[in-house]
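**Student:** The structure follows.
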Amino acid sequence: MFGGLESIPNNSPHLRKSGSRPVVFDIGTSELGNSSEEDHLLSLESNEMKGAAPPLSSVAIIPSPLLLWRFKVLLFLIWGFSCCKIGWDSVMRMSADLRDLFLYEAFLYYNPLLLVCATWMTIIVPTSMTAYLYLYSHGEVSLAASQPVLLYAAVLMTLIFPFDIFYLSSRFFLLRTIWRIVFPLQAITFADFFLADIFTSMSKVFSDLERSVCRMVHRQVATIAWFEADSVCGSHSVAIPIVLVLPYIFRFFQCLRQYKDTREKTSLLNALKYSTAVPVIFISAIKYHVFPDKWTNIYRPLWLLSAVLNSLYSFYWDITRDWDLSCFTRTFKFSKPHILSHLLYGRKWVYVWVIGSNLILRCTWTYKLSAHLRHNYLTVFTITALEMLRRFQWVFFRVENEWNKTKSNIQMSMIDMPNEEEELLNSNGHDV
């Protein structure tokens with residue numbers, strides 16, 4: 001009846017379950033074609049649903065990311081405890097007169113890689129060092145000597161590995177930038193002088209790498225032959241000051257190249273800053289080639305004067321040029337707007353901290369005035385780590401300054417520019 005409920009037969013196709021077979025009913029000649037087409041579509045849908053719904057027994061159970069993170073931390077703690085326990089037991093097996101010398105040698109091989117390598121190397125390096133201590137303390141001198149050699153070879157092979165693993169694009173960019181630093185035959189980009197500045201903070205690391213490789217080449221690993229005064233790899237080696245001064249020489253020639261391209265006198269003043277590091281390094285090396293009285297009366301005052309000059313000049317350049325703090329105006333007078341003021345929201349303590357800590361860390365070379373601290377490997381490690389901390393601090397504010405200058409130039413010109421990251425890396429309109 002019109003307006004009433006129509007009874008649906010039990011065998012209606014609309015009441016079939018999705019997984020049942022389609023059944024065609026004769027409901028009239030006019031609806032036969034539509035019913036056949038509908039039944040065909042329902043059969044396809046049921047087949048798709050069967051394929052898309054796997055049984056519960058085959059569903060993979062994915063562990064929680066928090067559980068995986070805790071498991072990794074647990075493995076890391078077990079690994080760290082094992083390395084410390086094995087290393088400590090191995091050191092205690094050595095005689096007291098040999099222990100300090102051997103620890104210094106082990107520190108020399110593994111300290112540079114710990115300071116400069118990536119996170120995965122932070123696990124590999126202590127593991128190799130633990131094996132080195134264990135094998136040497138148990139009389140396997142030849143196997144112990146092979147540990148740092150294999151580690152250095154593995155790092156080198158990983159760096160130059162030509163296949164697309166271990167961040168091929170990043171490794172290629174690093175090697176290309178190093179080539180441009182060593183041979184500044186083209187316009188200096190931001191990446192060129194940025195990495196070269198970081199290398200100046202790693203000069204001590206490069207010096208330790210040179211001494212380590214020298215001992216490996218001359219088969220002095222796991223021996224104390226290097227400690228002799230006439231050793232080719234000892235403190236009297238001429239190669240040590242040369243390696244120390246190379247990063248500053250590279251930056252010096254970069255500044256000259258920048259002056260050739262831009263004719264800006266600030267590039268010459270920057271080159272003068274890096275040249276002040278040369279006498280500090282070479283006068284310090286003279287100590288091992290002159291009599292103590294001559295060093296104390298003549299060369300030591302010259303070394304102190306050159307070191308103070310280099311530290312103050314570098315500190316001034318960090319503040320006024322690299323960070324553009326305008327002689328502390330932005331630190332103590334925030335009423336004047338500046339292109340960088342918005343980034344840290346005018347927090348004075350940030351700039352006071354960065355200026356004060358930069359000055360203190362620029363003068364960490366004074367530890368060499370103490371004969372006790374000068375030859376203490378833990379002190380050397382701490383000073384090197386502090387210098388890298390200072391350089392990281394410098395990097396943060398240097399990139400901040402460059403980024404804001406680039407953004408400011410884009411806003412003032414109102415011209416469509418290329419990608420901002422490419423603009424920062426490839427443009428040579430920078431103060432180097």
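The values are calculated or read from the model by the stated rules, or taken from the named source; none is laboratory data. Note that the coordinates shown come from a computational prediction; the quantities given were computed from them, not determined experimentally. Counting neighbours? That spans all protein chains shown, and the Cβs are built from the backbone with ideal geometry, glycine included. Ligands, DNA and RNA are excluded from the accessible area calculation, which covers all protein heavy atoms including side chains. Shrake-Rupley method; radii C 1.70, N 1.55, O 1.52, S 1.80 Å.
**Student:** Only one residue in Ser275, Ser267 is of a type in the set (Ser, Thr, Tyr), closer than 24 Å to Phe397 by Cα, open to solvent by less than 30 Å² (accessible area, probe 1.4 Å) and over 26 Å from the mean Cα position of the chain (by Cα), so which one is that?
**Tutor:** Going through Ser275, Ser267 in turn, the sole match is Ser267.
**Student:** Which of the residues belonging to segment 297-311 are open to solvent by 70 Å² or more (accessible area, probe 1.4 Å) and either over 20 Å from Glu387 (Cα atoms) or touching a residue at least 40 places away in the same chain (Cβ under 8 Å) (or both)?
**Tutor:** Across segment 297-311, the qualifying residues are Asn297, Ile298, Arg300, Leu302, Leu305.
**Student:** Moving to a separate point now. Just give me the residues in segment 177-190 being at pLDDT 90 or above and assigned to a helix (DSSP H, G or I), in sequence order.
**Tutor:** Thr177, Ile178, Trp179, Arg180, Ile181, Val182 - these are the residues of segment 177-190 that are at pLDDT 90 or above and assigned to a helix (DSSP H, G or I).
**Student:** If you go through segment 135-151 one residue at a time, do you hit one that is within 15 Å of the chain's Cα centre (by Cα), under 29 Å from Arg390 (Cβ atoms) and either at pLDDT below 90 or small (Gly, Ala, Ser) (or both)?
**Tutor:** no
**Student:** Among residues belonging to segment 51-78 that are open to solvent by 100 Å² or more (accessible area, probe 1.4 Å) and at pLDDT below 75, point out the one that is nearest to Ile123 (Cα to Cα).
**Tutor:** Restricting to residues being open to solvent by 100 Å² or more (accessible area, probe 1.4 Å) and at pLDDT below 75, the top hit is Ile62.
**Student:** Sort out for me the helices (runs of 4 or more DSSP H) sitting completely within segment 346-424 that have 1 or more residues that are at pLDDT 70 or above and within 18 Å of Leu325 (Cβ to Cβ).
**Tutor:** Once the helices (runs of 4 or more DSSP H) in segment 346-424 are filtered for at least 1 residues that are at pLDDT 70 or above and within 18 Å of Leu325 (Cβ to Cβ), what remains is 348-362, 377-413.
**Student:** Would you pick out the residues in segment 346-376 that are among the hydroxyl-bearing types (Ser, Thr, Tyr) and open to solvent by less than 50 Å² (accessible area, probe 1.4 Å)?
**Tutor:** The answer is Tyr351, Ser357, Thr364, Tyr367, Ser370.
**Student:** Suppose we filter Val221, Val232, Val213 for residues that are at pLDDT below 85, open to solvent by 60 Å² or more (accessible area, probe 1.4 Å) and under 28 Å from Ser137 (Cβ atoms); which single one remains?
**Tutor:** Val232
**Student:** Does segment 178-188 hold any residues that are under 20 Å from Tyr248 (Cβ atoms), surrounded by fewer than 18 Cβ atoms within 10 Å (Cβ to Cβ) and touching a helix residue (DSSP H, G or I) at 6+ places or on another chain (Cβ under 7 Å), and which are they?
**Tutor:** Passing the criteria: only Val182.
**Student:** If the requirement is being aromatic (Phe, Trp, Tyr), open to solvent by less than 50 Å² (accessible area, probe 1.4 Å) and closer than 30 Å to Phe193 by Cα, which of these qualifies: Tyr152, Tyr167, Tyr132, Tyr136?
**Tutor:** Of Tyr152, Tyr167, Tyr132, Tyr136, the one residue that is aromatic (Phe, Trp, Tyr), open to solvent by less than 50 Å² (accessible area, probe 1.4 Å) and closer than 30 Å to Phe193 by Cα is Tyr152.
**Student:** Out of curiosity, is Thr158 of a type in the set (Val, Ile, Thr), modelled with pLDDT of 90 or more, open to solvent by less than 40 Å² (accessible area, probe 1.4 Å) and under 30 Å from Val221 (Cα atoms)?
**Tutor:** Taking the combined requirement at face value, the residue does not satisfy it.
**Student:** Test of understanding: among Arg321, Arg330, which residue is at pLDDT below 95, of a type outside the set (S, T, N, Q) and open to solvent by less than 30 Å² (accessible area, probe 1.4 Å)?
**Tutor:** When all the criteria are applied, what remains is Arg330.
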